[in-house]
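Report on the structure given below.
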Amino acid sequence: MPSPCSADVDLTARLGPLTLANPVIAASGTFGYGHEFEPYLNLAGLGAVAVKGLSLDPRPGNPVPRIVETRAGMLNAIGLQNVGVDAFERDKMPRLREAGATVIANFFGNTVDAYAECARRLSRIEGLAALEMNISCPNVKAGGIAFGTEPDLTRQVVAAVRRTTDLPLIVKLSPNVTDIRPLARAAVDGGADLLSLINTITGMAVDLDRRRPALANLTGGLSGPAIKPVALRFVWEALQAVDVPVIGLGGIWDARDALEFLCLGARAVQIGTVNFVRPAAGRELVDGIAAYLAGRGVETLDAFVGTFRPEYP
């Protein structure tokens, strides 16, 4: 049988209650509110856009400098600056609807109640495809312990959100743990429909000439190609621990990177740091994935996902 051309490859990504036209999602925090990238690509051509993380009220974020390049990526300490849920609904979402984008609302809080209320208010917004919880935030009522580093806290906050929304619920897991598997299971036990991982890895940079931190916040989140091997490991381990769809992210720079996550069993990917370097990278990855599959006679994304064989050679 002749190989199909890339245009004939069915890239539909099936993620439980969420179905996307293709598996490429713009990662939260790297794509603004979507409209900033309209000069570079058609937002409707992406699988989805995960918008900048939202809180109940606007946040100014951290002082500058809050981004610094590394040799294989970047550190950011933006501080979750955002316009807040009400301004997003009023000013940002109408433009995304007009563009035909599939929209995932990323959100966060510092208490269980704040997470639940944010999810409840987001769920009333017309046109959202799913919610994505950032659980890397500190719980101010539990001594600053991050929700995503302690299984009981993870289960508790996810369950509280689950009670407020019927939208597909994605829980974004932090890599700043020794073992991702208990956190993955806790999120699913709490009611997560899907998992996305990994979030950034905590790191720091030194301004040697000044003998000062390069970031005003001292530490920040490391992203970019440097973290891809770590991300692959965590995604693989999560896939062995739970039976819900997984979205892989961390260091994806081109179609081959994305295909590695899909081969492991992730059903979609998110791209982040690359958006700062190549604003049209999302479209490039969609085309590249289709071309790779077509060149190997694979007619559907479903037929490729999870084909990784762990035995060697």
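The values are calculated or read from the model by the stated rules, or taken from the named source; none is laboratory data. Just so it is clear, the model here is predicted, and its values are computed rather than measured. A quick note on method: Cβ atoms are made from the backbone with ideal geometry, for glycine too, and the neighbour counts reach across all protein chains shown.
Residues in segment 79-93: is at least one over 30 Å from Asp207 (Cα atoms), among the basic types (Lys, Arg) and either more than 19 Å from the chain's Cα centre (by Cα) or modelled with pLDDT of 95 or more (or both)?
yes
Any residue in segment 39-61 that is of a type in the set (Phe, Trp, Tyr) and crowded, with 22+ Cβ neighbours inside 10 Å?
no
Inside segment 200-283, counting only strands (runs of 3 or more DSSP E) that do not spill past its ends, which hold 3 or more residues that are surrounded by 19 or more Cβ atoms within 10 Å (Cβ to Cβ) and modelled with pLDDT of 95 or more?
219-223, 246-249, 268-271
Looking only at segment 117-154, count every residue that is out of contact with any Gly (no Cβ under 8 Å at 6 or more places or on another chain) and either over 25 Å from Thr178 (Cβ atoms) or assigned to a strand (DSSP E or B) (or both) and tell me the total.
Residues in segment 117-154 being out of contact with any Gly (no Cβ under 8 Å at 6 or more places or on another chain) and either over 25 Å from Thr178 (Cβ atoms) or assigned to a strand (DSSP E or B) (or both): 18 in total.
Please tell me if Asn134 is buried (at least 21 other Cβ atoms within 10 Å of the Cβ), over 20 Å from the mean Cα position of the chain (by Cα) and among the polar types (S, T, N, Q).
Details: buried (at least 21 other Cβ atoms within 10 Å of the Cβ): yes; over 20 Å from the mean Cα position of the chain (by Cα): no; among the polar types (S, T, N, Q): yes.
No; evaluated as a whole, the condition is false for this residue.
Would you say Val157 is in contact (Cβ under 8 Å) with a residue 60 or more places away in the chain and within 23 Å of Leu15 (Cα to Cα)?
Against the criterion (in contact (Cβ under 8 Å) with a residue 60 or more places away in the chain and within 23 Å of Leu15 (Cα to Cα)), Val157 does not qualify.
With at pLDDT 95 or above and touching a strand residue (DSSP E or B) at 6+ places or on another chain (Cβ under 6 Å) as the only criterion, which of Ala116, Ala105 stands out?
Selected residue: Ala105, the only one of Ala116, Ala105 that is at pLDDT 95 or above and touching a strand residue (DSSP E or B) at 6+ places or on another chain (Cβ under 6 Å).
Just to verify a result, which residue in segment 160-199, among those that are under 17 Å from the mean Cα position of the chain (by Cα) and of a type in the set (Ser, Thr, Tyr), is modelled with the highest pLDDT?
Restricting to residues being under 17 Å from the mean Cα position of the chain (by Cα) and of a type in the set (Ser, Thr, Tyr), the top hit is Ser196.
Only one of these conditions is not met by Ile78: (1) among the aliphatic types (A, V, I, L, M); (2) over 30 Å from Val305 (Cα atoms); (3) in contact with a strand residue (DSSP E or B) (Cβ under 7 Å, 6 or more places away or on another chain); (4) outside any strand (DSSP E or B). Which number is it?
Failed condition: (3).
Filter segment 171-191 down to residues that are of a type in the set (Val, Ile, Thr) and over 16 Å from Ile247 (Cα atoms) and give me whichever is surrounded by the most Cβ atoms within 10 Å (Cβ to Cβ).
Top of the filtered list is Val177.
I need the full set of residues from segment 1-60 which are without any contact (Cβ under 8 Å) to a residue 60 or more places away in the chain, in a loop (DSSP other than H, G, I, E, B) and in contact with a strand residue (DSSP E or B) (Cβ under 7 Å, 6 or more places away or on another chain), in order please.
Scanning segment 1-60 gives Gly32, Pro58.
Kindly indicate which of Ser123, Ser196 is hydroxyl-bearing (Ser, Thr, Tyr) and within 17 Å of Pro245 (Cα to Cα). Give the steps one after another, and end with the answer.
Values: Ser123 fails: within 17 Å of Pro245 (Cα to Cα).
Result: Ser196 is the single residue among Ser123, Ser196 that is hydroxyl-bearing (Ser, Thr, Tyr) and within 17 Å of Pro245 (Cα to Cα).
Taking Gly109, is it part of a loop (DSSP other than H, G, I, E, B) and more than 17 Å from Leu169 (Cα to Cα)? If you could, list the steps in order and put the result at the bottom.
Values: part of a loop (DSSP other than H, G, I, E, B): yes; more than 17 Å from Leu169 (Cα to Cα): no.
When the stated conditions are applied, Gly109 does not pass them.
Given the conditions (1) part of a strand (DSSP E or B); (2) within 17 Å of the chain's Cα centre (by Cα); (3) free of Cβ contacts under 8 Å to residues at least 40 places away in the same chain, and given that Glu69 satisfies all but one, which numbered condition is not satisfied?
So Glu69 meets the others, but not (2).
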